[in-house]
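The values are calculated or read from the model by the stated rules, or taken from the named source; none is laboratory data. Quantities reported herein were computed from a predicted structural model and do not represent experimental measurements. Quick reminder, even Gly has a Cβ in these numbers, built from the backbone with ideal geometry, and neighbours come from all protein chains shown. Accessible surface is based on the protein model in full, side chains and every heavy atom, while ligands, DNA and RNA are left aside. Shrake-Rupley method; radii C 1.70, N 1.55, O 1.52, S 1.80 Å.
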Amino acid sequence: MELITLIGAITVFILAIFLGFELITKVPPTLHTPLMSGANAISGITIVGALIFSNTDFNEGNPGVAAWLAFFALILATINVVGGFAVTNRMLNMIAGKRGGK
Amino acid sequence: MDKAVWDIGYLVASILFIMGLKKLGHPRTAPTGNLYGALGMLVAVVVTIAQMDFGLTNNFTLIIAGLAIGGLIGYYMAVKVEMTGMPEMVALFNGFGGAASALVAASEVFRRINENDLPEGLELHVAWIAIGLSALVGWVTLTGSLLAMMKLKGGVEIFGTWYRTPTWGPEWLNYVKGLVLISIIGLLYMTIEEPGNQDYVIAIIALSSILGILFVLPIGGADMPVVVSLLNSLSGIAAAFTGFIIGNNVLIIAGSMVGAAGLILTNIMCKAMNRQLIDVLFKSFGGSDKEQVTRTKVGSDPEEVAMVCDGISKCVIIPGYGMAVSQCQHQVREFADILEANGCEVKYGIHPVAGRMPGHMNVLLAEASVPYEKLIEMDDINSEMAECDVAIVVGANDTVNPAARSGEGPLAGMPIIDADKAGVVVIVKRSLSVGYAGVDNDLFYEDKTMMLFGDGKQMMTELVSSMKEL
């Protein structure tokens, strides 16, 4: 990694932190749980890293510890992503459902 | 075509995440927000797979298999979970997210060591620091979340014996935690000095796992909402560090954004309990030295309560964790329906930290199709409590304990719902025992208070049938 790429990455990191602080300001209590589980699902983005390493590590033939660790990471990240979005959706549907029925 | 063009896909994914998170914060747009998030994830995954070189071995099948296994497990868990088990589920998913980031980091470091493909200079520093931090935060998130999940459940069953999750944390434990953290940072420095030695990496993993347990162990069950949302923040940070390892901006953006948003949510929780985050994390609270209950109170029966509730004009229902445990939200709603049919105004007073998770009560009552407009936040309901004829407290204790106003004891200064200002207070609870804060509740012994001792579901069912008989 070159210095300029690193500085770029750190810039993005810091700015995204500020963005996160700005995005969530006043949240009604009804949404606390769905928001938390939705954010949790987004943090499953690490799935991208797991995918890349699963591929490269197995590509080199003779898969070792590294390859299987990446594959296990892929499974866990997918559980996090799919489960997280599905459960958030279920909760939000319930909240929306009762509002439609008023 | 230049491969960098694919990176535009990651930009699209990042934008979808940002808009998704923004929309998740507003009731009307929240479902769209969740959809945006899921869509962003799909874009990121497709873009990643699309630019892969599949070598001689057939990795494509393997990767699809991994996605299918994880997807099926995740979907199954999400569909099966009861609404009452939601906090545990979110804690568990948090742990998985953190673990995935930590495993990606471990995979990279072991590959480089095994193949003797060690980076040099700046790249070594960046890669190894990112890997070390990702491992640290990731493993802490995993073990911390698993322990938090067990605390939310109250215990674990091993071979038919129920073990209660312990809450233990003398003051010196804080120094141990500090020491472990310093050791990890020391080890991180040593991995950079001697990048080919994998013993250091294994030591970092082991110590981080221990740190996660030490971190959650002293924190009582009542503070778990704060812990779960803090761990949520950490799992985002772990993903961001993983982004530094693979040099991918979408991980850095999504991860640090979730990290910051999680901190805000943690802060909202702390404010609701009137506690400092530092106190929650480093001062053991509840669990130990509980006050002994010495006073007694004669319990009432459902018929008496039904008679009191007959013909009243305003009733406020205050739910707590007990409602989640006995899953009586449907009975509560049924009771409210009967009151409303008799011309009584029914509202629900929701304390921000009622239950074991932010918004726990709202989700449960939503399941029982209670209209959103009837769930009133603490500050708004308190101004109406004096006009309320009957306040019905279902399985709550600390959140209505007047001792919080006194300025002494563990509850001092915590905002409460002023149930004691109502004309009559009905409390549905198993016994007079103290809540998580370990403080006896004066409200139970007041003359205008009627105690309905028993399981929430059973008591509410009996109350409903008594109301029908009137």
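Details
- Looking across the stretch B:65-122, the residues that are hydrophobic (A, V, I, L, M, F, W, C), within 7 Å of another protein chain (Cβ to nearest Cβ) and surrounded by 24 or more Cβ atoms within 10 Å (Cβ to Cβ) come down to B:Met86, B:Val90, B:Phe93, B:Phe96, B:Ala99, B:Ala100, B:Leu103, B:Val104, B:Ala106.
- Complete set of residues in the stretch A:19-30 that are at the interface with chain B (Cβ under 8 Å from one of its Cβ atoms) and either part of a helix (DSSP H, G or I) or among the β-branched types (Val, Ile, Thr) (or both): A:Leu19, A:Gly20, A:Phe21, A:Leu23, A:Ile24, A:Thr25, A:Val27, A:Pro29, A:Thr30
- One residue from A:Ala16, A:Ala39 being open to solvent by less than 40 Å² (accessible area, probe 1.4 Å), within 19 Å of the chain's Cα centre (by Cα), within 7 Å of chain B (Cβ to nearest Cβ) and over 29 Å from A:Met94 (Cα atoms): A:Ala16
- In the stretch B:438-467, the residues that are part of a loop (DSSP other than H, G, I, E, B) and more than 13 Å from B:Ser326 (Cβ to Cβ): B:Gly438, B:Val439, B:Asp440, B:Asn441, B:Glu446, B:Asp447, B:Lys448
- The residues on offer are A:Ile45, A:Ile24, A:Ile52, and the sole one that is under 21 Å from B:Gly97 (Cβ atoms), β-branched (Val, Ile, Thr) and open to solvent by 10 Å² or more (accessible area, probe 1.4 Å) is A:Ile52.
- Given (1) open to solvent by 10 Å² or more (accessible area, probe 1.4 Å); (2) in contact (Cβ under 8 Å) with a residue 24 or more places away in the chain; (3) of a type in the set (Ser, Thr, Tyr), index of the condition B:Thr449 fails: (1)
- Those helices (runs of 4 or more DSSP H) of the stretch B:149-256 in which at least 3 residues are open to solvent by 50 Å² or more (accessible area, probe 1.4 Å) and within 30 Å of B:Arg111 (Cβ to Cβ), considering only elements entirely within it, cover B:172-193, B:198-216.
- Yes/no for B:Leu39 being more than 7 Å from chain A (Cβ to nearest Cβ), open to solvent by 10 Å² or more (accessible area, probe 1.4 Å), touching a residue at least 24 places away in the same chain (Cβ under 8 Å) and in a helix (DSSP H, G or I): no
- Of the residues making up the stretch B:306-325, those that are open to solvent by 30 Å² or more (accessible area, probe 1.4 Å) and closer than 23 Å to B:Met378 by Cβ number 3.
- Within the stretch B:237-253, not a single residue is within 13 Å of the chain's Cα centre (by Cα) and in contact (Cβ under 8 Å) with a residue 24 or more places away in the chain.
- Of residues in the stretch B:43-100 being within 22 Å of the chain's Cα centre (by Cα) and among the acidic types (Asp, Glu), the one farthest from A:Gly84 (Cα to Cα): B:Glu82
- Qualifying residue in the stretch B:326-340 (condition: aromatic (Phe, Trp, Tyr), surrounded by fewer than 22 Cβ atoms within 10 Å (Cβ to Cβ) and assigned to a helix (DSSP H, G or I)): no
- Of all residues in the stretch B:298-345, those satisfying the criterion of being over 12 Å from B:Leu463 (Cα atoms) and hydroxyl-bearing (Ser, Thr, Tyr) are B:Ser313, B:Tyr321, B:Ser326.
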